[in-house]
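Each remark here refers to the structure printed beneath this line.
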Amino acid sequence: MHLHQVPTSILSFPVELLHDITKQTSSLPTLRLVCKRFNDVVAPQMFSSAFICLKDEALDDFLQLLESLAVGNHPAVLHAKSLTIRDVVPSQEPKPRYGQQPNKKEVEKDKLQHKSRVLDPYYSNSDLIKDRLSRAISRLQWVTTVTWYIDYRKSDKWSRNCVISGIAQMPSLILRNTHKNSNTPISWIQGVKQILSNSSDQLIRLAIKSKNPKDLDTPYLRSLLQDASSMHLTHLDLEGFAIQLSNAVIPHLRSLQSLHLKQIYKHTGHFPSQTGTSSSARDIWTILKREKIYIREINLDEPTEYFVEYLRSYAGLKSLTIRGALGTDEAQSNHIALDFYRCALCNHAKSLEILEILPYYEGKWCFGEHVNQILSKLINLKQLTVAVVGVSTETVPKYNFGNYSKKPNVVTECTYDPLHPVCMLMQAASLLPKLDVLSIYGADLAANRRIWCGNGKISHAIAMFKQIDTHVTMIGPLDPFKYVFKVRSSGRYYELQQCKESGEFWYCIA
């Protein structure tokens, strides 16, 4: 009896394996048309994100998309996990002519053409869009994250109401201000308040981001959340805000597990102070400590002594990310850093899984002996990101920006030093049993704390990159049972590899 080996078809592979294979190709639309099996595998990847945007002179495509979503024929209805809404109203003004300075007659001509080709067809179909828009959004029942770029200069009130009614039941919202001017428009703040007041109790993830300087129109968390419906937020992400916690806001934060704060500005007194409120980004930690709201994931760019006290008040933090300038006063920044490493971090030694400390400048936030003492206690740490202080060298790269024909004189050699901070950090990381990825970055010179750009900063950055690269690849030979983690630095990955000639293990560029 002869046994014949039947060739295995790719269609008989498990779904998980087919997912991995199809991720490597860029021709998913073509692959989806091959057969039903490939369509079932590829469609969740192609339509995992839905995007609703009206481009000028593309009204027919926009109406067709809304109709397809509203009746449930579009694949995104079954597969979309995220939704992005950008523009549902066309531009009121025509695009400027590229490379030309049109005269008054040309400007008027462009406006008339824009009105006849774009605006008139849109407003004549406004009732149809109004009917389909909210139904299309509501159809996306598997969407968990909505990103809405609200531009109140373009959108009409009815279009905003359609979007708000459509996303009212979504459990996760990301709201971004697209206003390009320096001040945040009051209309945008009112729009966010309208969304939150209409949201359901299913909303647990909220991100509100406004890129603006410290101005009179800076949104206040109290003013946004005081009229909101009952929410049980577990994730809150704020950017460009002045936090002011009141008794009306705190109930929304009782279930908070994740808090991201970026560019949180100091309250300047435009709202009257109230008992139990916080008027600055620093004091928020005092309120959270007093209310015993203990967060498991924190991401911020302004650690203060109040933040350190908050960390000391409980245990169980799983993820912590601190990045930024960390204050303009070097002495105060170093004092807070030492207090953080010596007194606060030890409370979370058994629970912490992700630790990222990325200061812009050299100081006590960078890796050193004071960090090494606590690092060995983080037994469950999986990802570690730290900055190191470079060893000063006389030979640094110099750029001649006045003469672009000359190439920069970049350092190509760096002397290996077993006592270099990178080597000390690698040895400390080898004692962490669950570490998967170690990310190492170079901090800028402390002398550059008030300098935003210049040849010195560029030269130091290149020198630091060379120092890290040299010491990661030259430390060894290494024990493969201790150095099981990957190393990352400035876009490079290093993996432990075995030398064929000697059989020894060294880190090499992946």
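The values are calculated or read from the model by the stated rules, or taken from the named source; none is laboratory data. In this text the structure is predicted, and so the values were computed from the model without any measurement. Note: ideal-geometry Cβ built from the backbone for every residue, glycine included; neighbour counts use all protein chains shown. These accessible areas exclude ligands, DNA and RNA; they are computed on the full protein's heavy atoms, side chains included. Shrake-Rupley method; radii C 1.70, N 1.55, O 1.52, S 1.80 Å.
Below are the figures for this structure:
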item: Flag for L320 being under 15 Å from W365 (Cβ atoms), under 24 Å from the mean Cα position of the chain (by Cα) and open to solvent by less than 10 Å² (accessible area, probe 1.4 Å); result: yes
item: Residue count for the range 461-488, restricted to those that are open to solvent by 70 Å² or more (accessible area, probe 1.4 Å) and either assigned to a helix (DSSP H, G or I) or touching a helix residue (DSSP H, G or I) at 6+ places or on another chain (Cβ under 8 Å) (or both); result: 1
item: Breaking point among (1) at pLDDT 85 or above; (2) open to solvent by less than 20 Å² (accessible area, probe 1.4 Å); (3) within 26 Å of I357 (Cβ to Cβ); (4) not in a loop (DSSP other than H, G, I, E, B), for H252; result: (3)
item: Filter pass, A325 being small (G, A, S), open to solvent by 30 Å² or more (accessible area, probe 1.4 Å), within 23 Å of V386 (Cβ to Cβ) and at pLDDT 85 or above; result: no
item: Test: E309 is of a type in the set (D, E, K, R), in a loop (DSSP other than H, G, I, E, B) and either open to solvent by less than 10 Å² (accessible area, probe 1.4 Å) or touching a residue at least 24 places away in the same chain (Cβ under 8 Å) (or both); result: no
item: Scan of the range 340-355 for residues that are surrounded by fewer than 18 Cβ atoms within 10 Å (Cβ to Cβ) and under 21 Å from I284 (Cα atoms), ordered by number; result: C343, N347
item: Criterion: within 30 Å of F241 (Cβ to Cβ) and at pLDDT below 75 - qualifying residue of S138, S172, S165, S155; result: S155
item: Pairs with Cβ under 9 Å, 6+ apart, first in the range 435-446 and under 13 Å from D469 (Cα atoms) and of a type in the set (F, W, Y), second outside any strand (DSSP E or B) and open to solvent by less than 10 Å² (accessible area, probe 1.4 Å); result: Y441/M464; Y441/I468
item: Residues of the range 315-364 satisfying the condition of being assigned to a loop (DSSP other than H, G, I, E, B), of a type in the set (D, E, K, R) and touching a strand residue (DSSP E or B) at 6+ places or on another chain (Cβ under 9 Å); result: K318, E353, E362
item: Residue in the range 50-67 that is β-branched (V, I, T) and under 14 Å from L128 (Cβ atoms) present; result: no
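Every residue, every condition in (1) open to solvent by less than 40 Å² (accessible area, probe 1.4 Å); (2) within 30 Å of I204 (Cβ to Cβ), yes or no:
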{"residue": "G72", "(1), (2)": "yes, yes"}
{"residue": "L78", "(1), (2)": "no, yes"}
{"residue": "I85", "(1), (2)": "yes, yes"}
{"residue": "P90", "(1), (2)": "yes, no"}
{"residue": "N103", "(1), (2)": "no, no"}
{"residue": "R139", "(1), (2)": "no, yes"}
